[in-house]
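This report concerns only the one structure given below.
The values are calculated or read from the model by the stated rules, or taken from the named source; none is laboratory data. Given the structure is predicted, the values throughout are model-derived calculations rather than measurements. Cβ placement follows ideal geometry from the backbone for every residue including glycine, while neighbour counts extend to all protein chains displayed. With ligands, DNA and RNA removed, areas are computed over all heavy atoms of the protein, side chains included. Shrake-Rupley method; radii C 1.70, N 1.55, O 1.52, S 1.80 Å.
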Amino acid sequence: MEKKQCYYYEEKELKAKNGLAILILNIILMILSIVAISVGMTLCASKLPHYYIFLGVMLLIFGTLYLCVIDIILFLGIKILKPNEALVLTLFGKYVGTLKGEGIFFVNPFCSAINPASENKQESSISTEIGNTGSVSVRTSKKMSKKISLKTMTLNNEKQKINDQLGNPIIIGIAVTWKITNTAKAVFHVDNYQEFLSIQCDSALRDIVRLYPYDVAEGGDEKSLRGSSQEIAENLKKEIQQRVEIAGLTILEARITHLAYAPEIAAVMLQRQQASAIIDARKMIVEGAVSMVEMAISKLGEQNIVDLDEERKAQMVSNLLVVLCSNKDTQPVVNSGSIY
């Protein structure tokens, strides 16, 4: 059985000539072609000897050929790049190199630039209503540039509904900062590197979210999506980087931008959080009240202010705890007689 051969492309930088010199030379030759055509027409219309007429015909042919064909071909070979832009060039289907750098360059005019992310892009259709008879839909197509941007970019996908480790549905969104570091891989290894990155980010996000719960109880050591955002961001970055390595992309940062329970369980989880907060608050109040009661009894005994038996101490403890732990203002009852 024959094995299919797989090609893995590595980026190679193309050394191009100075395009400005070629541009100036081409313009000068175009002017000379116009002059040659004018001289040729004059010689052909004159009554000079035959060799002058032959010379005029030759000037017409070469002038017209250059003006209509050769100069256009030379113009096709001139490429202008801005900072952090690149062109992946192929010659008759074969990868010849990547043109980088800022300025004007001249390459083989028959080379063609490839950028899968710019193909099949159309502007939204414009619908124009005509009376009550219907509407006419006008769709305009705008061909995007074949240049590949090497700038740092941010991908912000739509929010997703994913089940966490405990099976609770949550709504989560991320922002991924990325850039192209290998243009050959980005163009030839995947069909569309932008769509590929978007799909891989969604897939990696699902795999990471399923490993952690949304939140854990206070004081717990378990990692959670809400409490361990830094660590989860690092794991998410590594996961996405492994998936997009084949496309020549580098992930600089991946951050969670939105995190919440899904609407169908948000109200229940809010009640659970409120109940947990109330329990924690009551626990703190009781601990403080017990400490205050202990301090009050200890001070009364040390300073010999009043001598209380166990029954009266129990009654005083009960009264102090009611006053300190009650969530409403207490109404004291003043005893004007004997406590016995």
Requested in this report: Give region 158-212 a look and list any residue that's β-branched (Val, Ile, Thr), buried (at least 19 other Cβ atoms within 10 Å of the Cβ) and in contact with a Ser or Thr (Cβ under 8 Å, 6 or more places away or on another chain), or say none.
Outcome: 174, 176, 180, 183
Query - Filtered residues of region 281-299 (kept if under 49 Å from the mean Cα position of the chain (by Cα) and of a type in the set (A, V, I, L, M, F, W, C)) - result: 281, 284, 285
Query raised in the report: Name the pairs whose Cβ atoms lie under 8 Å apart, with the first residue in region 104-124 and among the hydroxyl-bearing types (Ser, Thr, Tyr), the second modelled with pLDDT under 90 and loosely packed, with under 13 Cβ neighbours inside 10 Å, and 6 or more positions between them or separate chains?
Result: 118/143; 118/144; 118/145
Query - Positions within region 31-47 being outside any helix (DSSP H, G or I) and either open to solvent by less than 90 Å² (accessible area, probe 1.4 Å) or of a type in the set (A, V, I, L, M, F, W, C) (or both), in sequence order - result: 46
Query raised in the report: Has region 98-106 got at least one residue that is farther than 26 Å from residue 151 by Cα and among the β-branched types (Val, Ile, Thr)?
Result: no
**Report entry** Out of 12, 17, sole residue that is among the charged types (D, E, K, R), in contact with a strand residue (DSSP E or B) (Cβ under 6 Å, 6 or more places away or on another chain) and more than 16 Å from residue 183 (Cβ to Cβ)
**Finding:** 17
Query raised in the report: List, please: which pairs have Cβ atoms under 6 Å, are six or more places apart or on different chains, and start with a residue in region 12-30 that is open to solvent by 60 Å² or more (accessible area, probe 1.4 Å) and end with one that is basic (Lys, Arg)?
Result: 13/100
Query raised in the report: Which of the residues that make up region 142-155 are modelled with pLDDT of 90 or more and open to solvent by 100 Å² or more (accessible area, probe 1.4 Å)?
Result: 151
